[in-house]
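A.B. asks: Before anything else, here's the structure in question.
Each value in this text was obtained by applying a stated rule to the coordinates, not by laboratory testing. Just so we're clear, the structure is a prediction, and the values are computed from it rather than from any experiment. No Cβ is skipped: glycine too gets one built from the backbone with ideal geometry, and neighbour counts run over all protein chains shown.
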Amino acid sequence: MLQAWALKTVLERMGHKVEFPVLNHVGETKRWKLSWIKWSWNPVKLLRSVVYRVVYNIASIPGEDLLRHRFKLFRQKYLVERVCRIDELDKLYDVIIVGSDQVWNEDCSKGEAPLFLAEGLPSGVKKIAYAVSCGDKALSDERLITIGNAVRRFVDVSVRENIIGEQLRRIINKELPMVLDPTLLLDVSDYNIWDRQLVSEPCLFMYTLSTNDFFINTARLIAKKLAVKLVIAPMYQFSRYKAPRNLTYGISPDRLVSYVARAKYVLSGSFHGTVLSILFNKPFLSLRLNAENQSCPSRVGTLLALTKTMQRLVTPDVAIDEMVTRLTAPVEIDFAALKKEREISLKWLEDNLS
């Protein structure tokens, strides 16, 4: 939703009217993500599992509902939506832009994947794919063919990472330009509309998409060494029952920005957490479970390579003391390279909308 708002802001400054047609439920979570009982023929173990899961699920409900409520408020305030049918799109709009964040990743878009590949969209409306992403995994041959066919439905396509550009080039025999994620098309001043005091003391803020112990334990150890308050914002809900300490719930896009803006240090387990750390010029580390493939870097790796901050990427094999050293080192971000790529990305948009 943050990148959707960012692209909307950029397009409006170009003089366009922007809406989000509500054709599906992408971005909405199910009411509650329930944790299911583990079956056992042992009646004692089964009873224990039933009791644990009931308590776990009940304890998850407040956090889940808070998350949904804050996302709903964000949509209502910042994204102009219109409920419509697919066959109405060519009557309502001049251009449809698909993009950006992992819209061609089947695991993320699931049942709505065909829409993002422009399947079934009216032929009378111009279609553009901006900064599309498939995530960090290599695509299967079958999926590559599907996406290769989809590329031909668009007037033009740009990608966000090297990994998808390289794979598609072999299928369509065409270089696809690489452009910036929409969130990087704006300056830090654009995000200051959400800067508010959510913490009253110096803190280490961590935003993570993973519940892996590496992310949580690393944050705790670093906060302890730096003697600062720790705030952890998980995107995917922990139950409040046996949840790690220091968690904050309901991390909507605006609150994410606010925490990064006010934090003394940032740990990121996500692409957009890294984006905001760079834009706000924060001492940060980007945590990953696996090392980078230097010949074809990941989403985060592509961004860190661009801004000359690859030393801020850490994996479980890096010692905590080394992490602290890298985190507290002077922040040196290549904003000139970022500005140049921003100009290239904006020109690509302007050319395709002219």
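A.B. asks: Which is farthest toward the positive dipole end of the chain among Leu89, Ser270, Leu11, measuring Cα position about the Cα centre, with Cβ charges +1 (Lys, Arg) and -1 (Asp, Glu)?
C.D. replies: With unit charges placed on the Cβ atoms, the residue in question is Ser270.
A.B. asks: Pop out the ³J(HN,Hα) list for the stretch 117-126 in order, Karplus 6.51 cos²θ - 1.76 cosθ + 1.60 with θ = phi - 60°, rounded to Hz; leave Gly and Pro as x.
C.D. replies: 9, 6, 6, x, 6, x, 6, x, 10, 5
A.B. asks: Distance check, please: which entries in Lys77/Lys282; Lys229/Lys339; Lys174/Lys347; Lys229/Lys340; Lys229/Lys282 exceed 25 angstrom between their Cα atoms? Don't skip to the end; give the middle numbers.
C.D. replies: On the way: Lys77/Lys282 28 Å; Lys229/Lys339 33 Å; Lys174/Lys347 20 Å; Lys229/Lys340 37 Å; Lys229/Lys282 16 Å.
Table pairs above 25 Å Cα-Cα are Lys77/Lys282; Lys229/Lys339; Lys229/Lys340.
A.B. asks: On to the next question. Amide H to amide H under 5 Å from Ile96: which residues, 5+ apart in sequence or cross-chain, H placed 1.01 Å off N in plane?
C.D. replies: Lys126, Lys127, Ile128
A.B. asks: How large is the charge dipole for the stretch 188-335, taken about the Cα centre, if only the Cβ atoms of Lys, Arg (+1) and Asp, Glu (-1) carry charge, to the nearest 20 debye?
C.D. replies: Numbers: 17 positive and 11 negative charges, 104 e Å.
Around 500 debye, computed over the stretch 188-335.
A.B. asks: Would you please classify the overall shape of the stretch 188-335 from the alpha carbon gyration tensor, given that a ≥ b ≥ c denote the square roots of the eigenvalues, rounded means a/c under 1.5, and beyond that prolate means a/b larger than b/c while oblate covers the rest?
C.D. replies: Rounded shape, in that the Cα axes give a/c under 1.5.
A.B. asks: Could you give the length gained by full extension between Gln197 and Ile320, i.e. 0.36 nm per residue of separation minus their alpha carbon distance, to one decimal place?
C.D. replies: Details: separation 123, 0.36 × 123 = 44.28 nm, distance 2.91 nm.
Length gained, Gln197 through Ile320: 41.4 nm.
A.B. asks: When the Cα centres of the stretch 166-228 and the stretch 88-124 are compared, how far apart do they sit, in Å?
C.D. replies: A separation of 26 Å, based on Cα centres.
A.B. asks: Restricting to DSSP loop positions (anything but H, G, I, E, B) with no more than 16 other Cβ atoms inside 10 Å of their own Cβ, which trypsin sites (Lys or Arg not before Pro) remain in the stretch 91-189?
C.D. replies: Details: sites: Lys91, Lys110, Lys126, Lys127, Lys137, Arg143, Arg152, Arg153, Arg160, Arg169, Arg170, Lys174; in loops: Lys137, Arg152, Arg153, Arg160, Lys174.
The qualifying sites are Lys137, Arg152, Arg153, Lys174.
A.B. asks: Using the Cα centre of the chain as the reference point, and only Cβ charges (+1 on K/R, -1 on D/E), how large is the resulting charge dipole? Debye, rounded to the nearest 20.
C.D. replies: Numbers: 50 positive and 39 negative charges, 288 e Å.
Dipole size: approximately 1380 debye.
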